[in-house]
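Here's the structure, in structure tokens; my notes come after.
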Amino acid sequence: MDKLLEIRDLHTSFFTHVGEVKAVRGVNIDLYQGEAIGIVGESGCGKSVTSLSIMGLVPSPGKVIKGEIYFNGEDLLKKSEKEMQKIRGNKIAMIFQDPMTSLNPVYTIGDQLMEPLRTHKNMDKNAAREKAIGLLKEVRIPDPERRLKQYPHEFSGGMRQRVMIAMALSCQPELIIADEPTTALDVTIQAQILELMKELKEKFNTSIMLITHDLGIVADLCSRIVVMYAGIIVEEGSVRDIFYNPKHPYTWGLLKSIPKVNMTSKERLVPIEGQPPDLLKPPEGCPFMPRCRYAMRICEQQCPGLYSVSGRHKAACWLLDPRAPAVEWDREGVSFK
Ligand code: SF4
């Protein structure tokens, strides 16, 4: 498999009137052609800012201050706005949590689906219309000819998200970035949308970057997971590594907060106590330290680098240092050995 996207040492900050908020602090991510990767973490961890940095859409007063983002070997950070406009929606498409923020309420679904086809693919009106009908069929919207003439408010939340997926697919992009695409939907529709994304990924061999706070939804769609916390990557590995052999206490916390199918009414989800650090003044040491029950003295003094666990499984935690006490995740809980 060829590498499609390579993010190297990405730093993105927001320059506010109270100081520099270091939202992304040295992120490295590789994504291969046809691969789906999940970027997981709670809000404010830098996952969405990472995706906006890829798209060249970091809102003011934000700015990428360091790093490289190679897409098919070309650094997107060196592209002009005009060049990025040719890439957005064409080679890289984005799906957002709330389709209403991306769909224009005053244009029909047909106009909005046809617009990128006419702009990026130079299709005439009839060809774009035919393609738009095909796309609506692809995302299983019934009666597509009639639906093309309707406005976004005439669609349900799930149907609007299907339209967004159709729009994202319209120019057959190599990469789709889906930022919390199912958060606003109920669980049944959520499952349908994820299943649809999975089918389309396989059919078109599109790479997917799924950004979510919910570790539970990535397992089915993604082969690899990157866990972010306070602007850095704290763990990454295959879905199997993260679910069956997690190494970072934050990942343990995320896993314990997912509902299980066989949960009894007496069992309770365990939230991660405390708050992430203030990224105006990121801590010198491990950013998870104030919330970590395994914290040691070194955790306060020095931020751990990513330790290799096996293959591409890595975690940034001093517990992986050979001198640290043995701590084992046993799926029911975590225990010292
Ligand atoms: Fe906890 Fe220390 Fe590991 Fe950070 S480095 S997660 S504080 S044990």
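The values are calculated or read from the model by the stated rules, or taken from the named source; none is laboratory data. For clarity, every value in this text was computed on a predicted model and none was experimentally measured. Please note: Cβ atoms are built from the backbone with ideal geometry, for glycine as well, and neighbour counts cover all protein chains shown. Ligands, DNA and RNA are stripped out before the accessible areas are found, and what is left, the full protein with its side chains, is counted by its heavy atoms. Shrake-Rupley method; radii C 1.70, N 1.55, O 1.52, S 1.80 Å.
Go over the candidates E235, E273 one by one and state the one that is acidic (D, E) and either surrounded by 13 or more Cβ atoms within 10 Å (Cβ to Cβ) or closer than 22 Å to D179 by Cα (or both). Before you say what the answer is, go through the steps one by one.
Working: E273 fails: either surrounded by 13 or more Cβ atoms within 10 Å (Cβ to Cβ) or closer than 22 Å to D179 by Cα (or both).
Every option except E235 fails the conditions.
All but one of (1) surrounded by fewer than 23 Cβ atoms within 10 Å (Cβ to Cβ); (2) farther than 26 Å from C303 by Cα hold for Y244; state the number of the condition that does not hold.
With (1) surrounded by fewer than 23 Cβ atoms within 10 Å (Cβ to Cβ); (2) farther than 26 Å from C303 by Cα applied to Y244, the lone miss is (2).
Got at least one residue in the stretch 182-202 being open to solvent by 60 Å² or more (accessible area, probe 1.4 Å), among the β-branched types (V, I, T) and assigned by TED's automatic domain parsing to the domain that holds N104?
Among the residues of the stretch 182-202, at least one is open to solvent by 60 Å² or more (accessible area, probe 1.4 Å), among the β-branched types (V, I, T) and assigned by TED's automatic domain parsing to the domain that holds N104, which makes the answer yes.
Any idea how many residues of the stretch 4-26 are part of a strand (DSSP E or B) and either free of Cβ contacts under 8 Å to residues at least 40 places away in the same chain or on the phi > 0 side of the Ramachandran plot (or both)?
3
Which of (1) under 19 Å from C303 (Cβ atoms); (2) at pLDDT below 95 does I29 not meet, given it meets every other one?
Exception for I29: condition (2).
Quick check on the stretch 232-245. Is at least one of its residues touching a Phe, Trp or Tyr at 6+ places or on another chain (Cβ under 6 Å) and of a type in the set (S, T, Y)? Break it down into steps so the answer makes sense when it comes.
If we filter the stretch 232-245 for residues that are touching a Phe, Trp or Tyr at 6+ places or on another chain (Cβ under 6 Å), which is where we start, we get 234.
Now drop any that are not of a type in the set (S, T, Y), which leaves none.
No, the stretch 232-245 contains no residue that is touching a Phe, Trp or Tyr at 6+ places or on another chain (Cβ under 6 Å) and of a type in the set (S, T, Y).
Return the only residue of C286, C222 being within 16 Å of the ligand (Cβ to nearest atom) and surrounded by 15 or more Cβ atoms within 10 Å (Cβ to Cβ). Let's see the steps before the verdict.
Values: C222 fails: within 16 Å of the ligand (Cβ to nearest atom).
The match here is C286.
State all residues of the stretch 293-318 that are basic (K, R), modelled with pLDDT under 95 and more than 10 Å from the ligand (Cβ to nearest atom); if no residue qualifies, say none. Spell out how you get there, then give the answer.
So in the stretch 293-318, the residues basic (K, R) come out as 293, 297, 312, 314.
Now drop any that are not modelled with pLDDT under 95, which leaves 293, 297, 312.
R312 - this is the single residue of the stretch 293-318 that is basic (K, R), modelled with pLDDT under 95 and more than 10 Å from the ligand (Cβ to nearest atom).
Looking only at the stretch 312-331, which residues are open to solvent by 70 Å² or more (accessible area, probe 1.4 Å), part of a loop (DSSP other than H, G, I, E, B) and closer than 26 Å to R240 by Cβ?
Within the stretch 312-331, R312, P322, D330, R331 qualify.
Would you please name the residue that is farthest from V24 (Cα to Cα), looking only at residues in the stretch 46-73 that are open to solvent by 50 Å² or more (accessible area, probe 1.4 Å) and outside any loop (DSSP other than H, G, I, E, B)?
Step one: of the stretch 46-73, the residues open to solvent by 50 Å² or more (accessible area, probe 1.4 Å) are 57, 59-61, 63, 65-66, 68, 70, 72-73.
Going one step further and asking which of them are outside any loop (DSSP other than H, G, I, E, B), we end up with 63, 65-66, 68, 70.
Working: K63: 10, I65: 10, K66: 10, E68: 13, Y70: 17 Å.
Taking the candidates together, the pick is Y70.
Pairs please, first residue from the stretch 307-318 and under 18 Å from S223 (Cβ atoms), second anywhere and open to solvent by 70 Å² or more (accessible area, probe 1.4 Å) and within 13 Å of the ligand (Cβ to nearest atom), Cβ atoms under 6 Å, 6+ apart in sequence or on different chains.
What qualifies is K314/L306.
Of these, G216, G305, which one is assigned by TED's automatic domain parsing to the domain that holds K47 and open to solvent by 30 Å² or more (accessible area, probe 1.4 Å)? Explain how you work it out, then say what you get.
Values: G305 fails: assigned by TED's automatic domain parsing to the domain that holds K47.
Testing whether each residue is assigned by TED's automatic domain parsing to the domain that holds K47 and open to solvent by 30 Å² or more (accessible area, probe 1.4 Å) leaves just G216.
Tell me, yes or no, whether the stretch 74-81 has at least one residue that is surrounded by 15 or more Cβ atoms within 10 Å (Cβ to Cβ), in contact with an Asp or Glu (Cβ under 7 Å, 6 or more places away or on another chain), in a helix (DSSP H, G or I) and not charged (D, E, K, R). Give the derivation first.
Let us first name the residues in the stretch 74-81 that are surrounded by 15 or more Cβ atoms within 10 Å (Cβ to Cβ), namely 76-77, 79.
So of that shortlist, the ones also in contact with an Asp or Glu (Cβ under 7 Å, 6 or more places away or on another chain) come out as 77.
With the extra rule that they be in a helix (DSSP H, G or I), the set shrinks to 77.
With the extra rule that they be not charged (D, E, K, R), the set shrinks to 77.
Yes, the stretch 74-81 has at least one match.
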